[in-house]
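Chemist: My questions all concern the structure below.
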Amino acid sequence: MSALETFTNMPGRVLNMADKRLGIHDSREWVSANRLRGEGDDHERLDALAAVVNAFVWLSETDEELEDSGYSNRPDEEPEYNLDAFIEVVNDRLLHARSDWLFEDGRFQERGNYVMHSEVLRPATVLLGDDPVFRTASDAFQSALTRLSKNETDVALTQAATSLQEFFRALGVEGNSVSDQLDKAQRQKVITPADRSLMKPLVAWVNADRSDRGNAHRHREGDVTKADAWLMMHVVGALMVRLSNRDPRDIVAAREKREADDAAKREEARRAEREAAATAAAAREPDPWEQLGRDREDTPF
């Protein structure tokens, strides 16, 4: 709660929206706030945190409604949301609590191995999400992460492999399986023979794991572990980043630069609006009532 009150001047708006996201509409107090203060079990507190974070993100991007100051001689208050600082504190608190989750790129994701996350999963997610050509592949990859977060590991395997197939299709390489697509990719000169030799064993593993264990009708419950699913995600993510011929750090850096440039443009636009408003106010003809005061006997007549 202290972070929320520190990084926005509209905490009430965030909590109102968070409660609605939790399905609470008629409470006389903010349930999300009470849970952040410790009420409820771990699942309820995490749900409340997710609702608050998502509400904060949405409002930081869309909220432009001024808050009535309540005083005639004071200007209305412009909403302010310091999103980056808020998310940084949230992730620090989650890490301190040894939570397996963090908020990044607009969604909660499992940390897994942080090096693998930063060098594979995040670049793959950014690569797919930033290019409309990879929309279908991105949807499948995100679905795999979501299924993994729900411990639906068998479906996560299938969705991850589907993501790789759709990535190949986006590159113009069709085929009935990822192995077929890999062969065609070499013939179409999308990849080199050396690339194919490097990727072939990995693709064979992806296909095998998908066929043998990524089907709910062909495995017993518990056959597919979370470690299996994480390995699939990392292999598929690494293959897609490799096929993009871009360095993982460059992919993420390009996203961060765009976000920084967009933030700078928004701030410049707000600054220009403030300056224009100040100039207009200064040029306005003084009101004689304001000069003499309404409560005194003097009048401008």
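Chemist: Multiply the residue separation of Asp250 and Ala269 by 0.36 nm, subtract the distance between their alpha-carbon atoms, and state the gained length in nm to one decimal.
Modeler: Stretched fully, the Asp250-Ala269 segment lengthens by 4.0 nm.
Chemist: Relative contact order (percent) for region 1-99, with alpha-carbon contacts under 8 angstrom and 6 or more residues of separation?
Modeler: 32
Chemist: Another question, then. What residues have an amide H closer than 5 Å to that of Glu104, excluding those fewer than 5 places away on the same chain, when H is modeled at 1.01 Å from N in the peptide plane?
Modeler: Excluding prolines and chain starts, which carry no amide H, the hits are Gln109.
Chemist: Here's a follow-up. Set the Förster distance to 22 Å, then compute FRET efficiency between Asp92 and Glu64 from the Cβ-Cβ distance, nearest 0.05.
Modeler: Efficiency at R0 = 22 Å is approximately 0.15.
Chemist: May I ask you to evaluate 6.51 cos²θ - 1.76 cosθ + 1.60, the Karplus curve with θ = phi - 60°, for each residue of region 77-83 and list the ³J(HN,Hα) values in order in whole Hz, giving x for glycine and proline?
Modeler: These are the phi-based 3J(HN,Hα) values: 8, 7, x, 10, 9, 8, 5 Hz.
Chemist: For a quick check: sort His25, His234 by the number of other beta carbons within 10 angstrom, fewest at the front.
Modeler: Sorted ascending by nearby Cβ count, the order is His25, His234.
Chemist: Moving on. Using the per-residue mean of other Cβ atoms lying within 10 Å as a proxy for protection, in what order, highest first, do the peptides 128-138, 60-70, 76-86 fall?
Modeler: Going by the mean number of other Cβ atoms within 10 Å, highest first, we get 128-138, 76-86, 60-70.
Chemist: Can you give the FRET efficiency to the nearest 0.05 for Lys20 and Val133, using r as the Cβ-Cβ distance and R₀ = 45 Å?
Modeler: 0.80
Chemist: At each listed q (0.11, 0.14 Å⁻¹), what is the log10 of I(q)/I(0) that the Debye formula gives for region 1-99 modelled as equal alpha-carbon point scatterers?
Modeler: -0.34, -0.54
Chemist: Among Thr8, Thr225, which comes first, then next, by fewest other beta-carbon atoms within 10 Å?
Modeler: Ascending Cβ contact count within 10 Å gives the list Thr225, Thr8.
Chemist: Which FRET efficiency, nearest 0.05, do Asp105 and Asn151 yield, Cβ-Cβ r, R0 25 Å?
Modeler: So, using R0 = 25 Å, E works out to roughly 0.70.
Chemist: How would you rank Thr146, Thr279, going from fewest to most other Cβ atoms within 10 Å of each one's own Cβ?
Modeler: Lowest to highest Cβ neighbour count: Thr279, Thr146.
Any read-out appearing in this document is the output of simple, stated calculations on the displayed coordinates, not a laboratory observation. What you are looking at is a predicted structure, and each value in this text was computed from that prediction instead of being measured. Note that we place each Cβ from the backbone using ideal geometry, even for glycine, and neighbour counts take in every protein chain shown.
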